[in-house]
Amino acid sequence: MDSTPARPPAASLPLAEDGYPAAGGVTRRPAGPAESARANRGWWDAAAPAYLAEHGSDLGDADFLWCPEGLREADAHLLGEVAGRRVLEIGCGSAPCSRWLRTAGAAPVALDVSGGMLARAAELNRSTGIAVPLLQADAGALPLADASVDLACSAFGGLPFVADATAVLREVARVLRPGGRLVASVNHPMRWPMPDSPDPADLRVVSSYFDRAPYVETDDAGATVYVEHHRTIGDWVRAVVGAGFVLSDLIEPEWTPGRTETWGQWSPERGAL
């Protein structure tokens, strides 16, 4: 497994002034696995420079941040003992979590669908001197052998972007050894009925919590460029159990005291509420 991915495709999506892909339109409609994977691969390839410029200092080069609320693995210890264990990270981005795992004595494999993100991960492997294997693949078709990893983790990574969560979780269960564990973080489902804004004044319900129609962005020609999927807490529990896992804990982190970061709709002001 090469620690340097192939050169990513050049970003083909037009960019807005903030450096992120420009959306010609936004809708809520069904979007299947192939459409979701294709769109999100292209979006993250194009968005990688802007995303990492905005959030790279918070993510760190070798740190494990679970979520915008500021929960870090060094404090939470959700994975338990990692030294000597092979760990699969799904949706690794620039792979700071996998580098942190490597410094903790684990043998991580960092997987992401985006070549653009993995290109930056390869640069950070070199600049930090903490080399972790990088793997470009769809989470729904993991190119790993059965029962080949001890732990799997996903820190706000691939799971919100896949159309069939149960199928992806079954793939994770397949590659885990008997007794292996998965720890993953996703958006709290209650964010979906509210506007995507950090302003406390926007803590108001504007759509139904039970509307599972994916959020879809399109370009000016109507082609899909970004897809995110909403699932209720009950949906996530059924997906986890349906994939053969035993759910041992469900953690809803509070805003970390003293954290000043604003990240999308997350902010200290909204975090306090």
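Of note:
- Counting only residues that are open to solvent by 50 Å² or more (accessible area, probe 1.4 Å) and over 19 Å from the mean Cα position of the chain (by Cα), segment 229-253 holds 7 of them.
- Of all residues in segment 38-72, those satisfying the criterion of being among the aliphatic types (A, V, I, L, M) and assigned to a loop (DSSP other than H, G, I, E, B) are A62, L71.
- Residues of segment 138-152 satisfying the condition of being open to solvent by less than 50 Å² (accessible area, probe 1.4 Å), more than 19 Å from A165 (Cα to Cα) and not β-branched (V, I, T): A147, S148, D150
- Residue in segment 29-37 that is part of a helix (DSSP H, G or I), open to solvent by less than 40 Å² (accessible area, probe 1.4 Å) and either more than 26 Å from P68 (Cα to Cα) or in contact (Cβ under 8 Å) with a residue 12 or more places away in the chain (or both) present: yes
- For segment 206-248, a residue qualifies if it is aromatic (F, W, Y), out of contact with any helix residue (DSSP H, G or I) (no Cβ under 9 Å at 6 or more places or on another chain) and in contact (Cβ under 8 Å) with a residue 24 or more places away in the chain, and exactly one does: Y215.
- Candidate set from segment 34-57 (those that are over 15 Å from the mean Cα position of the chain (by Cα) and not small (G, A, S)); member that is nearest to G258 (Cα to Cα): E54
- In the set (1) open to solvent by 10 Å² or more (accessible area, probe 1.4 Å); (2) more than 29 Å from I233 (Cβ to Cβ); (3) under 18 Å from the mean Cα position of the chain (by Cα), G84 fails one condition alone, (3).
- Residue within segment 66-78 that is without any contact (Cβ under 8 Å) to a residue 40 or more places away in the chain and on the phi > 0 side of the Ramachandran plot present: yes
- Pairs linking a residue in segment 251-273 that is touching a residue at least 12 places away in the same chain (Cβ under 8 Å) to a residue that is of a type in the set (D, E, K, R) and open to solvent by 40 Å² or more (accessible area, probe 1.4 Å), with Cβ atoms under 6 Å and 6 or more positions apart or on different chains, are Q265/D196.
- Single match in P5, P49, P14 (criterion: modelled with pLDDT under 95, open to solvent by 40 Å² or more (accessible area, probe 1.4 Å) and not aromatic (F, W, Y)): P14
- The criterion of being modelled with pLDDT of 95 or more, open to solvent by less than 10 Å² (accessible area, probe 1.4 Å), touching a helix residue (DSSP H, G or I) at 6+ places or on another chain (Cβ under 7 Å) and farther than 28 Å from P198 by Cβ holds for A110.
- Among the residues of segment 131-179, those identified as acidic (D, E) and more than 19 Å from S98 (Cβ to Cβ) are D146, D164.
- Subset of segment 160-195 [assigned to a strand (DSSP E or B), open to solvent by less than 30 Å² (accessible area, probe 1.4 Å) and without any contact (Cβ under 8 Å) to a residue 24 or more places away in the chain]: none
- Test: residue in segment 201-211 that is surrounded by 11 or more Cβ atoms within 10 Å (Cβ to Cβ), under 17 Å from the mean Cα position of the chain (by Cα) and not polar (S, T, N, Q): no
- Within segment 122-137, one or more residues are out of contact with any His (no Cβ under 7 Å at 6 or more places or on another chain), surrounded by fewer than 18 Cβ atoms within 10 Å (Cβ to Cβ), free of Cβ contacts under 8 Å to residues at least 40 places away in the same chain and outside any loop (DSSP other than H, G, I, E, B).
The values are calculated or read from the model by the stated rules, or taken from the named source; none is laboratory data. All values reported here derive from a predicted model rather than from experimental measurement. Positions of Cβ are generated from backbone atoms using ideal geometry, with glycine treated the same way; all protein chains shown enter the neighbour counts. Ligands, DNA and RNA are stripped out before the accessible areas are found, and what is left, the full protein with its side chains, is counted by its heavy atoms. Shrake-Rupley method; radii C 1.70, N 1.55, O 1.52, S 1.80 Å.
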